[in-house]
Structures are given as structure tokens and as C-alpha cells.
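**Q** Quick one: the structure is below, and I'll ask about it shortly.
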Amino acid sequence: MYFTSTDEKGARLFSVGIDGKDRKRVTDGVFAGMRPTKDRKKLFYAQDGEVYQMEMTGDRKKSRVEFAVSVRVDHRAQWRRCSTSAGAS
């Protein structure tokens, strides 16, 4: 199992056996919203306003995930929705 905690050097990711024994420090850092992939080979998390992934095997390489979001707004529909909501009060 993996979990986040702090020790004398700050925030870290740790692993522990299912029996709660054999605690090991995996790496340093804050792992907000930590989510593993279904196959448990990668871990996704947020840090410093960015999304990162980390390999859970081998050298546990961390890399920033780049993505873009595009939103299309129908301004007329939004205006109708606002007008209808204002009249309902």
C-alpha cells in the first residue's frame, strides 16, 4: 500500500506491506489527489498547480502531464438561461 505522510524532512510518499509492516520511503513531495492507474503501474497526482505522473516500478520517474482544455460556450443559450432564471424569482 502507498500513503502520504511527513517525517523530519517534510512531505513524502511511503509504502507499507498489507500487514502494516516494512514501511519504506518511496520519494519526496506532496501528492494531492493521488490516483493509481488500474494496473497500478503509474500514479497521477497534483503538485504546485500541475498534474504529474510517476512510474511505480523501476526508478519511479516523475513527469508533468501536459494537456489542454477547450470549452465552447453558446452565449445565446446562456443568456436565455440567465433571463429565465432571473424571471423565476
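Every number here is computed from the coordinates shown, using simple stated rules; none is lab data. Small disclaimer: the values here were computed from a predicted structure and weren't measured. Don't worry about glycine lacking a Cβ; one is built from the backbone with ideal geometry, like all the others, and counts go over all protein chains shown.
**Q** How do the peptides 13-23, 42-52 rank, highest first, by the average count of neighbouring beta carbon atoms within 10 Å per residue?
**A** My ranking of the peptides, most packed first, is 42-52, 13-23.
**Q** Amide H neighbours of residue 11 under 5 Å, counting only residues 5+ apart in sequence or on other chains, H built in-plane at 1.01 Å?
**A** 29
**Q** I want the local charge near residue 1. Using Cβ-Cβ distances under 13 Å, sum +1 for each Lys or Arg and -1 for each Asp or Glu among the other residues.
**A** Numbers: positive: 21, 23, 24, 40; negative: 19, 22.
Combined, the nearby Lys, Arg, Asp and Glu give +2.
**Q** For region 2-64, what are Rg and Dmax over the alpha carbons, in angstrom?
**A** When restricted to the Cα atoms of region 2-64, Rg and Dmax are 11.6, 34 Å.
**Q** Please get the size of the charge dipole for the chain, origin at its Cα centre, with Cβ charges of +1 on Lys and Arg and -1 on Asp and Glu, quoted in debye to the nearest 20.
**A** In debye, rounded to 20, the chain gives about 300.
**Q** Taking a cut-off of 23 Å between Cα atoms, list the lysines near residue 41, but don't count ones fewer than 8 places away on the same chain.
**A** The qualifying lysines are 21, 24, 61, 62.
**Q** Let me ask something else. Using 0.36 nm per residue of separation minus the Cα-Cα distance, give me the extension gain between residue 28 and residue 46 in nm, one decimal.
**A** 5.1 nm
**Q** Just grab the label-to-label distance for residue 35 and residue 16, each label 7 Å out from Cα along the Cβ direction, in nm (one decimal).
**A** Between residue 35 and residue 16, the label points sit 2.5 nm apart.
**Q** OK, next. Using alpha carbons only, how many degrees (0 to 90, rounded to 10) separate the axis of helix 75-87 from the longest principal axis of the chain?
**A** Taking Cα atoms only, the helix is inclined about 70 degrees.
**Q** Hey, another quick one. Can you give the local net charge around residue 53? Use residues other than it whose beta-carbon is closer than 15 angstrom to its beta-carbon, Lys and Arg +1, Asp and Glu -1.
**A** +3
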